[in-house]
Protein chains: 2
Amino acid sequence: MDQALTDRFNELEVGQSATYARTISEADIVLFAGVSGDDNPVHLNEIYAAESMFKGRIAHGMLTASYISTVIGTRLPGPGSIYLGQNLKFRAPVRAGDTVTATVTIKEIDPAKRRLTLTTICTVGDTAVVEGEAVVMLPKAEDVKATAEGAAA
Amino acid sequence: MDQALTDRFNELEVGQSATYARTISEADIVLFAGVSGDDNPVHLNEIYAAESMFKGRIAHGMLTASYISTVIGTRLPGPGSIYLGQNLKFRAPVRAGDTVTATVTIKEIDPAKRRLTLTTICTVGDTAVVEGEAVVMLPKAEDVKATAEGAAA
């Protein structure tokens, strides 16, 4: 398995990018509150949130950030990649109705370690709402097979 | 609003901590896949995942990381705090049935900027599964009020 992805490693180039775009709905925020346990009233209580510095309910920053993981896990580099790290800076609030575009771009390739450094940004229109970098690793197909067979930890 | 939290700023001390613990269920993983759009088969397809280096389905790293946001947004410092940044290192896989404890500890306090640096760790038993740091800001109550009234951006 993951043969296609592994063979693709040598085809990866600095500057390649992929995106995932999605309109955040009120339902997404409610579901994220449930799945994370984060019921901070700034996400769920319009009366509270209207008096906050955000002047209304905002989405969880980690919900927006999750779209970065979606690009990495499904598109670039895609299934089989191992997510090692992610830095996030939350730049601006995101609200229900906003359409977020998460973009992942290859910044550095380390062939020896089979690691990629990726720049990651989420935007709403021209506004960067989340910025950061990710590090992912692409195991060799034979390593995956050996591990699956119990030959390696 | 946020008066209680703002008054509490001066009571915060380096070393204070708070936790959120939760058993990750298969339903959580399914819901997170839906809300994030991350349908990577390593999370949803047991036959695929069994042949991966993880030898079975694992939770999304960002699902585990979301529990850090839960501690910050609901407990320490709690509602009213502004999440500015988060670094994450994904150390080990988490599976349905694992009980994750997210712990946030105050590492540094910057009274001038009203910022906190927090160490953040998620553990399953004795294993660190996600580690990192967060930066949060606590606005002054009067700044929040001024902003809500439109007197400031």
*Criterion: of a type in the set (A, V, I, L, M) and modelled with pLDDT under 95 - qualifying residue of A:ALA33, A:ALA27, A:ALA102, A:ALA112*: A:ALA112
*Which numbered condition trips up A:LEU44, out of (1) closer than 18 Å to A:ALA96 by Cα; (2) at pLDDT below 95?*
(2)
*Restricting attention to region A:30-86, report how many residues are over 15 Å from B:VAL35 (Cα atoms), touching a helix residue (DSSP H, G or I) at 6+ places or on another chain (Cβ under 8 Å) and of a type in the set (Asp, Glu).*
2
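The values are calculated or read from the model by the stated rules, or taken from the named source; none is laboratory data. Bear in mind that the values here come from a model prediction, so they are computed numbers and not experimental data. Cβ coordinates were reconstructed from backbone atoms using ideal geometry, including for glycine residues, and neighbour counts include every protein chain displayed.
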